[in-house]
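Student: Following this message is one structure expressed as structure tokens.
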There are 2 protein chains.
Amino acid sequence: MEYVIKLGGSVLTDKSREKTLSESFGDVTDTIPEDYSGTVVHGAGSFGHPPAKRHGISEGSHTGVLETHRAVKDLNREVIDRLRENNLKALPVHPLSFASIQDGDINLRLSQLEAMVQEGFTPVIHGDGVITPQKGFKALSGDDILLEIASRYDIRAGFCSSGPVLDSDGNIIEKVSSMEEFPDLGTDGTDVTGGMKAKIRKILESGTEARIFGPKDLETFLNGGDPGTQVTRP
Amino acid sequence: MEYVIKLGGSVLTDKSREKTLSESFGDVTDTIPEDYSGTVVHGAGSFGHPPAKRHGISEGSHTGVLETHRAVKDLNREVIDRLRENNLKALPVHPLSFASIQDGDINLRLSQLEAMVQEGFTPVIHGDGVITPQKGFKALSGDDILLEIASRYDIRAGFCSSGPVLDSDGNIIEKVSSMEEFPDLGTDGTDVTGGMKAKIRKILESGTEARIFGPKDLETFLNGGDPGTQVTRP
């Protein structure tokens, strides 16, 4: 396994319309080469977030867990179909079936992803509702999944998001190594949403290194280049 | 977890027509009560077997693994929808996502099923193609799944199949405790197919106890009765 990439929900789907793929869906997915060796993670986007909001996940609502799960599986199927058209041996991996979160610890079965990659397949895993034993269910994000994988293996980890991290003047920040460096993150930057701030915090807390870049930079990243913003502790 | 039952592919589907539910599908599924505490396993039936035969699973054919997986998931969805109509909080569990077979040992994540049951949910798991690390993929049957669960927990285990085990005169055999007792099994009995013989052998080898009965006896079994054929080592 050489890579783990996360294709953001905002990249794959049209967030303003429920269960709708984005215009860039095809271009982004087609960028992943036939000989890609790694895991593909994707977000829930406008497939999973609306039912999760409508019904809730955490309270053990079986409607919420199941509807969200099914919606994200539908997006997963779209990704897999497109990857297969490009001759990747993509296989679905659905966290609800096996993952759990207990006392904040995420329990993923990474050996399964590793075994699939070793067989020449590409596991495609997604954000999902997962069980928190004795406490119902909880949302496990695609970001969390990427960081779990990146923390276990010494591989290149990339978030293909709406874009790199920008400062308040709209310039690319090439490297972030602490939250204190950029107090404006999440407030002023053009593309810097609260979501981005949370993502950076999670990467720094995980102790792993990852890059955040936009869809146009995915090819560069997969060719070994270093686009976008590097996030890593000093 | 008090029960594990397997709804056979021949009970849920019309084996003569691909991807077609059987006439008894609704009645059988409706027999499972709202307060059922356990796991439901189901076979692949006419959903999963045809694509598995067409494309193969074992040779690492990504078409075979994926098409079979998708077809069985479709059956799984039908079962879950029906159980939900009856107010069971049914959730899908897909073995391809997490299970493996290595040197003949089946690796299932039973703790996940247990956690779901403890939350008041009903995991619905199915036969599937699963990874055999470094050797491609292999079919994991619903029978194998039931026996793995029954071997781990001290619970009532039942195979809801085409019917109980019959002797060569068509009479119900009430108890089977060795293969030697009934040399005719699999050759002469009306309802005793090679599949039944293999099932009995597996149960005896697993060291656990299970009952085999027809769809009409499912209610009796779930009410604590002892219908059909008991299979257990002496």
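The values are calculated or read from the model by the stated rules, or taken from the named source; none is laboratory data. Just so it is clear, the structure is predicted and the values come from calculations on it, not from any experiment. All Cβ positions, glycine included, derive from the backbone under ideal geometry; neighbour counts span all protein chains shown. All accessible areas refer to the heavy atoms of the entire protein, side chains included, with ligands and DNA or RNA removed. Shrake-Rupley method; radii C 1.70, N 1.55, O 1.52, S 1.80 Å.
Student: Would a scan of the stretch A:149-164 turn up a residue that is in contact with a Leu (Cβ under 7 Å, 6 or more places away or on another chain), more than 21 Å from A:ILE32 (Cβ to Cβ), surrounded by 20 or more Cβ atoms within 10 Å (Cβ to Cβ) and at pLDDT 90 or above?
Tutor: Scanning the stretch A:149-164 turns up no residue that is in contact with a Leu (Cβ under 7 Å, 6 or more places away or on another chain), more than 21 Å from A:ILE32 (Cβ to Cβ), surrounded by 20 or more Cβ atoms within 10 Å (Cβ to Cβ) and at pLDDT 90 or above.
Student: I would also like to ask the following. Residue by residue through the stretch B:126-155, note down the ones that are within 12 Å of the chain's Cα centre (by Cα) and in a loop (DSSP other than H, G, I, E, B).
Tutor: To start, the set of residues in the stretch B:126-155 that are within 12 Å of the chain's Cα centre (by Cα) comprises B:126-128, B:140-150.
Hits for the stretch B:126-155 are B:GLY127, B:SER141.
Student: Can you work out which of the residues in the stretch A:33-46 that are open to solvent by 10 Å² or more (accessible area, probe 1.4 Å) and in contact (Cβ under 8 Å) with a residue 24 or more places away in the chain is nearest to A:GLY142 (Cα to Cα)?
Tutor: Here is the first cut: in the stretch A:33-46, the residues open to solvent by 10 Å² or more (accessible area, probe 1.4 Å) are A:33-37, A:44.
After this cut, where a residue has to be in contact (Cβ under 8 Å) with a residue 24 or more places away in the chain as well, the list is A:33-34, A:36-37, A:44.
On the way: A:PRO33: 21, A:GLU34: 23, A:TYR36: 19, A:SER37: 19, A:ALA44: 8 Å.
Here the residue is A:ALA44.
Student: Within the bounds of the stretch A:9-20, is there any residue that is surrounded by fewer than 20 Cβ atoms within 10 Å (Cβ to Cβ), more than 19 Å from the chain's Cα centre (by Cα) and within 14 Å of chain B (Cβ to nearest Cβ)?
Tutor: Checked against the condition, which is being surrounded by fewer than 20 Cβ atoms within 10 Å (Cβ to Cβ), more than 19 Å from the chain's Cα centre (by Cα) and within 14 Å of chain B (Cβ to nearest Cβ), the stretch A:9-20 yields no hits at all.
Student: Can you tell me which residues in the stretch A:55-73 are modelled with pLDDT of 95 or more and touching a Phe, Trp or Tyr at 6+ places or on another chain (Cβ under 6 Å)?
Tutor: Hits for the stretch A:55-73 are A:ALA71, A:VAL72.
Student: Okay, moving on. Before we move on, is A:ASP30 open to solvent by 30 Å² or more (accessible area, probe 1.4 Å) and either free of Cβ contacts under 8 Å to residues at least 12 places away in the same chain or over 16 Å from A:ALA71 (Cβ atoms) (or both)?
Tutor: Values: open to solvent by 30 Å² or more (accessible area, probe 1.4 Å): yes; either free of Cβ contacts under 8 Å to residues at least 12 places away in the same chain or over 16 Å from A:ALA71 (Cβ atoms) (or both): yes.
Against the criterion (open to solvent by 30 Å² or more (accessible area, probe 1.4 Å) and either free of Cβ contacts under 8 Å to residues at least 12 places away in the same chain or over 16 Å from A:ALA71 (Cβ atoms) (or both)), A:ASP30 qualifies.
Student: Further question: State yes or no: is B:ILE32 among the aliphatic types (A, V, I, L, M) and touching a Gly at 6+ places or on another chain (Cβ under 7 Å)?
Tutor: no
Student: Looking only at the stretch B:1-22, count how many residues are of a type in the set (S, T, N, Q) and assigned to a strand (DSSP E or B). Give the steps one after another, and end with the answer.
Tutor: Filtering the stretch B:1-22 down to residues of a type in the set (S, T, N, Q) leaves B:10, B:13, B:16, B:20, B:22.
Okay, now just the ones that are also assigned to a strand (DSSP E or B), so B:13.
Total satisfying the criteria: 1.
Student: Taking A:GLY104, is it surrounded by fewer than 16 Cβ atoms within 10 Å (Cβ to Cβ) and at pLDDT below 95? Before you say what the answer is, go through the steps one by one.
Tutor: Details: surrounded by fewer than 16 Cβ atoms within 10 Å (Cβ to Cβ): yes; at pLDDT below 95: yes.
The answer is yes for A:GLY104.
Student: Give the number of residues within the stretch A:130-143 that are in contact with a Lys or Arg (Cβ under 7 Å, 6 or more places away or on another chain) and either acidic (Asp, Glu) or buried (at least 22 other Cβ atoms within 10 Å of the Cβ) (or both).
Tutor: Let us first name the residues in the stretch A:130-143 that are in contact with a Lys or Arg (Cβ under 7 Å, 6 or more places away or on another chain), namely A:130, A:132, A:142-143.
Now narrow it down to the ones that are either acidic (Asp, Glu) or buried (at least 22 other Cβ atoms within 10 Å of the Cβ) (or both): A:130, A:142-143.
Looking only at that region, the number is 3.
Student: Restricting attention to the stretch A:78-101, report how many residues are under 16 Å from B:ASP128 (Cβ atoms) and open to solvent by 40 Å² or more (accessible area, probe 1.4 Å).
Tutor: Number of matching residues: 0.
Student: Same structure again: Given the conditions (1) surrounded by fewer than 14 Cβ atoms within 10 Å (Cβ to Cβ); (2) at pLDDT 85 or above, and given that B:GLY214 satisfies all but one, which numbered condition is not satisfied?
Tutor: That leaves (1) as the condition not met.
Student: For residues that are in a helix (DSSP H, G or I) and open to solvent by less than 40 Å² (accessible area, probe 1.4 Å), scanning just the stretch B:178-205, find the one that is modelled with the lowest pLDDT. Even if it seems obvious, please write down each step before you answer.
Tutor: Going residue by residue through the stretch B:178-205, those that are in a helix (DSSP H, G or I) are B:194-205.
Then keep just the ones that are open to solvent by less than 40 Å² (accessible area, probe 1.4 Å); that gives B:196, B:199-200, B:203-204.
Values: B:MET196: 83, B:LYS199: 90, B:ILE200: 91, B:ILE203: 95, B:LEU204: 95.
Per the criteria, the residue is B:MET196.
Student: If you check every pair at least six apart or on different chains, which have Cβ atoms under 7 Å apart with a residue in the stretch B:79-91 that is at positive phi first and a residue that is open to solvent by 60 Å² or more (accessible area, probe 1.4 Å) second?
Tutor: B:ASN87/B:GLU34
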